1. Check which residues have an amide H placed less than 5 Å from LEU95's amide H, if you skip close sequence neighbours.
2. Just give me a number: lysine pairs in the chain, eight or more positions apart or cross-chain, with C-alpha atoms less than 30 Å apart.
3. Provide, as a two-decimal number, the C-alpha radius of gyration of the chain over 2.2 N^0.38 Å, N being how many residues it has.
4. What percentage of the solvent-accessible surface of the chain, computed with a 1.4 Å probe over protein heavy atoms, is contributed by carbon and sulfur atoms?
5. To the nearest 10 square angstrom, what accessible area does ILE79 show with a 1.4 Å probe?
6. In deg cm²/dmol and to the nearest 500, what is the mean residue ellipticity at 222 nm of the chain if only DSSP H runs of at least 4 residues count, each as -39500 (n - 2.57), divided by the residue total?
7. Pop the C-beta distance of LEU150 and LEU115 into the FRET formula with R0 = 35 Å and round what comes out to the nearest 0.05.
8. Against the longest alpha carbon principal axis of the chain, how many degrees, from 0 to 90 and to the nearest 10, is the axis of helix 41-57 turned?
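The values are calculated or read from the model by the stated rules, or taken from the named source; none is laboratory data. No experiment lies behind these values; they were computed from the predicted model shown. Here the Cβ positions follow ideal geometry from the backbone for every residue, glycine too, while neighbour counts run over all protein chains shown. These area figures cover heavy atoms from the full protein model, side chains too; ligands, DNA and RNA do not enter into them. Shrake-Rupley method; radii C 1.70, N 1.55, O 1.52, S 1.80 Å.
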Amino acid sequence: MSMTQHAEPAVKTPPAPGPHQTDGRTAQRPLALRLLARPEVGVFLGAVAVYVFFLAAAPPVREASSMANILYQSSTIGIMALPVALLMIGGEFDLSAGVAVITSALTASMLSYQLTMNVWVGVVVALLVSLGIGFFNGWMVVKTGLPSFLITLGTFLMLQGVNLAVTKLVTTNVATDDISDMDGFGQAKKIFASSFDIGGVQVKITIFYWLAFAALATWILLRTRYGNWIFAVGGNKESARAVGVPVTFTKISLFMLVGFGAWFVGMHQLFTFNTVQSGEGVGQELIYISAAVIGGCLLTGGAGSAIGPVFGAFMFGMVQQGIVYAGWNPDWFKAFLGVMLLGAVLINLWVSRTATRR
């Protein structure tokens, strides 16, 4: 009688996974962790906390006119903080940004007044000067390979000295002459320093510029090739260069964007106050950089957003005006800023660690 033998297969087919079994490598992280991974989340929470604090500590903050003033102060910081943030994402930073604002305003004011020209001539020349300063900083950083800290520190000192010395030489004073009666002043004031009545509250035009520039910067970072270049050169410029990213163009253009921001804020200051103090601007660069850092931009580059610095600038404006509305000694302002900066860095560290924890 013959017997048929049935061999067991060498490889067994694994059982089909149950409906609740997932591969850990492809499991989607919770929404809360994905939100915490965003660089602007920490500063948003900080901005809410600062706002609620002054809302309780300073009752005048609750008025619409007070909030308009707070937003105005925030906008004058935020307009410059945006290009500074883009530059930091690109792996560099600019210590000359504060005095560059005054250089731009002084150029436009003195050129228009001393040569008795239409103020628009001074405005255009000031733009060229500001872009030239940005180009110089970027070109020096790229060609020498020196840290941008050293290059822009040198530019900061040069501009600080030139601002004061040239103003004294030309006007025999430390401030420029009043240009409010010159041709083109009214037109330029409408563009750079006008106000709008909204519900009985005077709202400065810089607030709208600030939000528009923030939207534009966000679109550039997230939707354009240039935005990819910024992140790439900030992360690793040699790797970026190896894959065809124009590192030289990107870095120089980022410094020139800072120059454009300095020109814009300088024009606002000039057409708001009609004159410029040559010694101003010192220390403002630290506020711009701090707003960007509080907004989630890393000093090492390669990470950040344009929305974060908006909240960072709002925190600065909130503290600056909130101290006044609370009736406190304004000398505490810088102390508050130091606490905010340190707190923001710690919050960002906690957020990043929480976001990467499984």
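1. Result for LEU95 returns THR152, LEU153.
2. Qualifying lysine pairs in the chain: 9.
3. In units of the globular-protein estimate, the chain measures up at 1.26.
4. 66 percent
5. For ILE79, solvent-accessible area is about 10 Å².
6. Dividing the helical sum by the residues of the chain leaves -23000 deg cm²/dmol.
7. 0.45
8. 50 degrees
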